[in-house]
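Since the structure comes first, as structure tokens, the remarks are kept for the end.
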Amino acid sequence: MVSITNEISNARFLDANKEPHQMLLPIRGYEKEALLPLEETVKPINELLTDLDIMVDTAKQNSKKPADGLTSNESAAIHLYTMHWEEPNVSLYTILNNILRSKRREPLKPWFRYLKLLLTALFKLPSLKTIVWRGVQGNLSDQYDDDIVWWGFSSCTESLDVTERFVGKSGIRTLFTIECINGKAIRAHSFYKEESEILLLPGTYLRVVGKSSPAKDLYIIHLRETPAPRPYLEPPFISTTLDTSVVTVSATTMKAPVKQHITISTGEGLSSTAASAKSMDQQSKRFFICFGLGKPCSVVQICILSNYDEKWQLFTVALGSNCKRRLQSVVVKD
């Protein structure tokens, strides 16, 4: 059986030494999956984790009143990620991060459904620009001379005291101080709220700003999150590369006929409302919306107001700024 305790589980805060220090293939493919309830997303990985059904049920019970505008399923997906499986069992975050850091992307496919829900939740949280800390036992300073990509989910905290409590105050150890620009505060959705966790997403691109050794056996590496030269993590909503005039997004769960309200933000800072919208009910499979734009534009984002998981919410679909084609329609399908 899985034992769930109230003790702080710090293993995922101390795994920076597991990063591969080489360029890997981008993380993509999962974004094409439909948004499903948490218990459905984990079916393909059920055999990989002991008593996964118990952990999922616990996560859902603790996520009935989610914060930050997330649905209960989205909050529960984050909650499940933070949960610790007692030894000798391996935790979900350990297996997932090992696969994300692997040279092969094929083993990631069974995780696509869960990644879709988890990253949808994380992308909906505000991005924090702040200083965070992370630690690891051992001296890693010789491994950090050039820019690096952290391929796993990186658990950090804004508190140096918490980091030192995790890594210890004696022995050879390395502390990372990171200027992040896209940190995600997940305390409200974590099983261990006392950790005040800030999560960095897979594919975070980091620049080495400096290194020091202020005391015996203590090494500090100063990193700065920097926009990556190319996308290493595909956004969960839609591809950032728009090479056709039709965009596909995941269907929402409709309990009654509703209107889909779409707005377009252009590179010039102008905003345009969809020229037309049609009603959509639970029997609908495809839904076309014509924007009626008269010329190509640099589309920044599409905002979709939808009734998903019995809760109204606003989805923001980032498209980047390099759209060269006229955007004509959106296809919503399940």
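Exposure proxy check: Ser155, Ser63 ranked by fewest other beta carbons within 10 Å?
Ser63, Ser155
Past 18 Å, Cα to Cα: identify those pairs from Lys116/Lys193; Lys65/Lys124; Lys129/Lys211, in the order given.
In this structure, Lys116/Lys193; Lys129/Lys211 lie more than 18 Å apart at Cα.
Run the simple label-point estimate for Arg230 and Ser196 please: 7 Å along Cα→C-beta, distance reported in nm.
Placing both labels 7 Å beyond Cα along the Cβ direction yields 3.9 nm.
Quick one: Cα centre-to-centre distance for the range 8-86 and the range 188-209, in angstrom?
14
Would the range 29-86 count as rounded, prolate or oblate if I go by the C-alpha gyration tensor, calling it rounded below 1.5 in a/c and otherwise prolate when a/b exceeds b/c, oblate otherwise?
In terms of gyration-tensor shape, oblate.
With a ≥ b ≥ c taken as the square roots of the eigenvalues of the C-alpha gyration tensor of the range 11-225, please select rounded if a/c is under 1.5 and otherwise prolate if a/b is larger than b/c or oblate if it is not?
Values: a/c = 1.73, a/b = 1.56, b/c = 1.11.
Since a/c reaches 1.5 and a/b is larger than b/c, the shape of the range 11-225 is classed as prolate.
Listing Lys116, Lys64 from the residue with the fewest other Cβ atoms within 10 Å to the one with the most, what is the order?
Lys64, Lys116
We did not get these values from a lab; they are worked out from the coordinates using the rules stated. Note that the coordinates shown come from a computational prediction; the quantities given were computed from them, not determined experimentally. With ideal geometry, Cβ positions are generated from the backbone for all residues, glycine too; neighbour counts draw on all protein chains shown.
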